[in-house]
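What follows is a short report on a single structure.
The values are calculated or read from the model by the stated rules, or taken from the named source; none is laboratory data. Predicted, not measured: the structure shown is a model, and the values here were computed from it. With ideal geometry, Cβ positions are generated from the backbone for all residues, glycine too; neighbour counts draw on all protein chains shown. With ligands, DNA and RNA removed, areas are computed over all heavy atoms of the protein, side chains included. Shrake-Rupley method; radii C 1.70, N 1.55, O 1.52, S 1.80 Å.
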Amino acid sequence: MTSLPTQLPAKPRKAASLVMLVFAMAVTLAAFAQVGLARDGRIPAGLVGYGGGLAVLAGAAYFVIMRFAPYADPLLLPLAVALNGLGLAMIYRLDLDTSRTRQEAIAAGKKIIADEASAPTQLQWTFVGIFLFALAVVIMRDMQEGDQKFNLTPKTMQRYTYTVGAVAFMLLLLPIVPGLGAEINGARVWIRVGGFSVQPGEFAKLALVVFFAGYLVNKRQALSLVGKKVGPISLPRARDLGPILVIWVMTLGVLFVQKDLGTALLYFGLFVSMLYIATQRGSWVAIGIGLLALGIFIATFIPFLSHVNQRLSIWQDPKPYFQGGCLVDGKVVKTPPDIVDGQIVLDGITKCARLGGKYSDSEQLMQGLFSMGEGGVLGKGLGQGEPWRTPLSFSDFIFTSMGEELGLTGLMVLLLLYGLIVQRGMKTAVDARDPFLKLFAGGVSFVIALQVFIIVGGVTRLIPLTGLTTPFLSQGGSSLMANWILIAILVRMSHDARKPAPQAIQDEGMTQVVSTR
Amino acid sequence: MTELTLTLIKLAFLAVLWLFVIAAVGVIRADLFGSRSATRAARQPKPPKPPRQPAPRRSEPSKLVVTQGDLTGTTIELTSGTHITIGRASDSTLVVTDDYASSRHARIFAQDGQWIVEDLNSTNGTYLGRTKVTRPMQVPPGVPIRIGKTVIELRK
């Protein structure tokens, strides 16, 4: 809302951005080289392909920014490239191991695990992601006056607030559509289009930010000024509270139908934080957290949502569930599978169901914790640990894989990189001259921050584990594409916020006569 | 590859990761305070002696601070040439989003070492302390200027 010409003159920081980008690339290449040196004693053959591919892409993205958004924040692209590159290196490293176990499994005539780390696929998605990034920056460029026919910038998205809100809601509900939706790993968040599975929720989060920002820009005065004061917190009017309750019910609905706790938590957290940005009232945060706690409390009593109970129970004490535990009447009972002559006759899940309990397994969480424990402070070194032992070590649990091989020292770097992206986003929000853009940029930053908090908190057992992708690190096309578009929007907004303010049209300096009497 | 070489490579990689973070923070720092080369370049052409302009007196206010309203906490550094316009118009120095402010509400400028506030024919008026600003008035430091819901004051 302010433009301060007394600040440092805004100027494009091309050199700084390029240096950081080359540095980010060097970090990625070094990671690949280390994997190869540790495993085979030589620079890996994939280095040229993966490193070169990423370098060409990032270079192209750099030139697009310099051409279409020269005043953009110099750090956003390098930080995202560094994270994406480190993730790619880790997936490449896991790919080497999983493809080995895969070959062994085929040789032994065993069944092959369906999803596994695949570095070529991830590189393809990185291509698509960075291409979308460049495309988004080009589409949202400054338009000449009169050329308004197709003018899609972050600012003009405000016009489509409710349309975008409806789109977000539809995207959320798509996976439930029979025949289109698909359930993978217990969560119904996927849709199958052609041969691809897409997670529409990843794109819905972007649409939700636009909707929340547009909605709150209009309502923030009412939300922050009107209301009864009870003690230190001021209660909002019922009619202002209504939409928030709707959102609350909606996120609970997502949780209910799709069994996707992480996404529900993300959406709700996003809404509460954007409410806080818009109104600057702590009471909203208190109300939000209270509602969330109430929702989770109610969910523990609904039999259909027994997995909520399960997650909470594993979170409190994962040990009894290691390699399968059965929760019957609040107690954990071991139900080992019956094995006769090496063949599983009766598996633990069926046994547990016969007892009337709910079977769950904390092996993944425990393995992840062991993994980070193995890594310690300095880590095993890339390519020298055994992170593939954790199921989904390349997507949900890539953070613990990183922890095993880079140690606490490396994890701190990853968290700092996320922190810096979020900080740049918040700075963009502070610099933005328009209330809608302020909320938009703040919301986008919060999406990234919350996502990192929910998944990293989950795998480190700070909060109950809920499945979410780690932005830029995890393997997965939907997540990469959505996150690159988020960064493109931040780049665009930071360009608008940092470019020199338009000069005043009239210059009344000399014509005014002023008496100082 | 011996154990030792691998350990050294591992440590070197961690060091590179941290260097990356430090470099990134350096870029942010340069954004805030100006890069070292830029400040040097700015300093170079100036003669070592200060220009003839009299040094600002100690009593002169150096910044304008917003103390109430949406923009609370915003400060604007004042130099003798600063000319500050306040209003809802987007080209104002201080853009207030406030239904009680006019698009060109008031301006604050320096004249002969004094800071002057002038109301630009606003609908709801500008108040210096408790008096309505009907003609350009001198602003002493610390006295609140009220524009709609926004309150600003000069500070030393």
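Which of rounded, prolate, oblate describes the stretch A:339-405, given a ≥ b ≥ c as roots of the alpha-carbon gyration tensor eigenvalues and a/c under 1.5 marking rounded, otherwise prolate only if a/b is larger than b/c?
prolate
Please work out how much accessible surface B:Ser62 shows to a 1.4 Å probe, ignoring ligands, DNA and RNA, in Å² rounded to 10.
Rounded to the nearest 10, the figure is 50 Å².
Please report, as a whole percent, how much of the solvent-accessible surface of the stretch A:352-408 comes from carbon and sulfur atoms (probe radius 1.4 Å).
That fraction is 52 percent.
Given the peptides A:54-61, A:159-166, arrange them by the average over their residues of other C-beta atoms within 10 Å, most packed first.
So the peptides A:54-61, A:159-166, ranked by packing, come out A:54-61, A:159-166.
Among residues other than B:Leu78 whose Cβ falls under 9 Å from its Cβ, what is the net charge (Lys/Arg +1, Asp/Glu -1)?
Net local charge, B:Leu78 excluded: -1.
Order the following by accessible area, largest value first: A:Leu18, B:Leu4, B:Leu32, A:Leu392. Probe radius 1.4 Å; ligands, DNA and RNA are ignored.
B:Leu4, B:Leu32, A:Leu18, A:Leu392
With a 1.4 Å probe and all protein chains kept in place, how much accessible area does B:Phe109 have, in Å² rounded to the nearest 10?
The accessible area comes out at roughly 20 Å².
What whole-number value in Å² describes the accessible area per residue of the stretch A:363-453 for a 1.4 Å probe?
Spelled out: the 1.4 Å probe surface of the stretch A:363-453, per residue, equals 29 Å².
Sort A:379-390, A:415-426 by packing, meaning the average of other beta carbons within 10 Å per residue, with the highest value first.
Taking the mean over residues of other Cβ atoms within 10 Å, the ranking is A:379-390, A:415-426.
Taking 2.2 N^0.38 Å as the expected size of a compact globular protein, what ratio does the Cα radius of gyration of the stretch A:414-477 give against it, to two decimals?
The stretch A:414-477 yields a ratio of 1.24.
At a Förster distance of 30 Å, what's the computed FRET efficiency of B:Leu120 paired with A:Ala222, Cβ-Cβ distance as r, to 0.05?
0.50
So how much accessible surface do B and A hide from each other in total, probe 1.4 Å, in square angstrom to the nearest 100?
About 4100 Å² of accessible surface is lost on pairing.
Return the average number of partner chain Cβ atoms within 10 angstrom of each residue Cβ along peptide B:90-100.
The per-residue average across the peptide is 4.
Apply the Debye scattering formula to the stretch A:248-305, with a single equal point scatterer on each alpha-carbon and no solvent, then give log10 I(q)/I(0) at q = 0.17, 0.24, 0.25, 0.28 Å⁻¹.
-0.54, -0.93, -0.99, -1.14
At a probe radius of 1.4 Å, what is the per-residue accessible area of A:His307, in Å² to the nearest 10?
Rounded to the nearest 10, the figure is 30 Å².
To the nearest whole number, what is the average tally of beta carbon atoms from other chains within 10 Å of the beta carbons of peptide B:3-11?
5
Does the stretch A:272-386 come out rounded, prolate or oblate by the C-alpha gyration tensor, with a ≥ b ≥ c the root eigenvalues, rounded set by a/c under 1.5 and, if not, prolate when a/b is larger than b/c and oblate if not?
oblate
Which whole-number percent gives the relative contact order of the stretch A:415-459, counting Cα pairs below 8 Å spaced six or more residues apart?
40
Under 8 Å for C-alpha pairs, at least 6 residues apart: give me the relative contact order for the stretch B:63-155, rounded to a whole percent.
Dividing the mean separation by the residue count of the stretch B:63-155 yields 28 percent.
How far apart, in nm, are two points set 7 Å out from the Cα along the Cα-to-Cβ line at A:Ile302 and at A:Val257?
According to this spin-label approximation, the distance is 1.2 nm.
Decide, for the stretch B:63-155, between rounded, prolate and oblate: order the square roots of the alpha carbon gyration tensor eigenvalues as a ≥ b ≥ c, take rounded if a/c falls under 1.5, and otherwise choose prolate if a/b is larger than b/c, else oblate.
Since a/c stays below 1.5, the shape of the stretch B:63-155 is classed as rounded.
Could you work out the mean count of beta carbons from other protein chains within 10 Å of each residue's beta carbon in A:486-499?
The mean count of partner-chain Cβ atoms within 10 Å per residue comes to 0.
Ranked highest first by average number of other Cβ atoms within 10 Å, how do A:354-365, A:205-216 line up?
Descending packing order for the listed peptides: A:205-216, A:354-365.
How much FRET efficiency would the formula 1/(1 + (r/R0)^6) give for B:Asp91 and A:Val22, where r is the Cβ-Cβ distance and R0 is 45 Å, rounded to 0.05?
After rounding, the FRET efficiency stands at 0.70.
Expressed as a rounded percentage, what relative contact order does the stretch A:284-404 have, with Cα pairs under 8 Å and six or more residues apart?
Relative CO of the stretch A:284-404 lands at 18 percent.
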